[in-house]
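Structure first, commentary second.
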Amino acid sequence: FTPQLQEKLVKDAETGASKVEPPKPAASAPSDMEEKVDALVAKELARILEKNQLDDMKARDRNASTTELLNEIRDISRQIQASPSTKSPTFAKALQARDRVATCLRDNSGRALDCWSEVAEFRALTATIEKEFASGSN
C-alpha cells in the first residue's frame, strides 16, 4: 500500500467511516514522477560533473609532470655541458672515433665485423673517459 492509502485507511478506521475511497493517483502521480525524474537527472549531472573534474585534474597532473620532466632534462643537459669530461681531449678523440665507427659501418653494410678495430678504439676511449669522470679529473 502507498503511504497515502495507509494513512487514509487508518484515518477512516479511527473515524468509523465505512466507505473507503481509493486515493486519487492522477493528482499525486505526476509530481512523484517529476520528482523521480528530477532526482535521476540531478544524479546523472553530478556524475558527469565529477567525471569532468577528475579528467581536468588528471590533465593538470599530466601537464605538471611533463613540465617537471622537461625542466629536469634541461638541468641535466646543463650539467653535462658544464662537466669537465666533455672538455677533455679524450672526449674529442672519442667523438671522432664514434664517427669513424659510424662511417665504417655504413661503408661495410652487412659486414660489421670488418669494423672491429674502429670499435675497439672507441671502446678504449670511452673507458678512459669513464675513468676520468669517476676520478673527477680532466
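The values are calculated or read from the model by the stated rules, or taken from the named source; none is laboratory data. Keep in mind it's a predicted model, so treat the numbers as computed, not measured. Cβ coordinates were reconstructed from backbone atoms using ideal geometry, including for glycine residues, and neighbour counts include every protein chain displayed. In case anyone asks, the SASA skips ligands and DNA or RNA and just uses the protein heavy atoms, side chains included. Shrake-Rupley method; radii C 1.70, N 1.55, O 1.52, S 1.80 Å.
Miscellaneous remarks
- First in segment 117-138 and in contact (Cβ under 8 Å) with a residue 12 or more places away in the chain, second anywhere and surrounded by fewer than 12 Cβ atoms within 10 Å (Cβ to Cβ) and part of a helix (DSSP H, G or I), Cβ under 7 Å, 6 or more apart: ASN138/LYS87
- Every residue from segment 124-133 that is open to solvent by 60 Å² or more (accessible area, probe 1.4 Å) and of a type in the set (Asp, Glu): GLU130
- Test result for GLY136, within 26 Å of ALA82 (Cα to Cα) and either surrounded by fewer than 12 Cβ atoms within 10 Å (Cβ to Cβ) or touching a Cys at 6+ places or on another chain (Cβ under 8 Å) (or both): yes
Let's see how each residue does on (1) out of contact with any Leu (no Cβ under 6 Å at 6 or more places or on another chain); (2) of a type in the set (A, V, I, L, M):
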position: ILE48; (1), (2): yes, yes
position: LEU69; (1), (2): yes, yes
position: GLN79; (1), (2): yes, no
position: ALA82; (1), (2): yes, yes
position: LYS87; (1), (2): yes, no
position: LYS93; (1), (2): no, no
position: ALA102; (1), (2): yes, yes
position: ARG106; (1), (2): yes, no
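- Filtering segment 23-56 to residues that are modelled with pLDDT under 70 and open to solvent by 100 Å² or more (accessible area, probe 1.4 Å) leaves only LYS24.
So that you can scan it fast, the table gives a plain yes or no per residue for (1) open to solvent by less than 80 Å² (accessible area, probe 1.4 Å); (2) of a type in the set (Phe, Trp, Tyr):
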position	(1), (2)
SER77	yes, no
GLN81	no, no
LYS87	no, no
ALA94	yes, no
THR103	yes, no
ASN108	yes, no
ARG111	no, no
PHE122	yes, yes
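- If you go through segment 57-109 and pick out every residue that is over 30 Å from GLY136 (Cβ atoms), modelled with pLDDT under 85 and of a type in the set (S, T, N, Q), you end up with 4.
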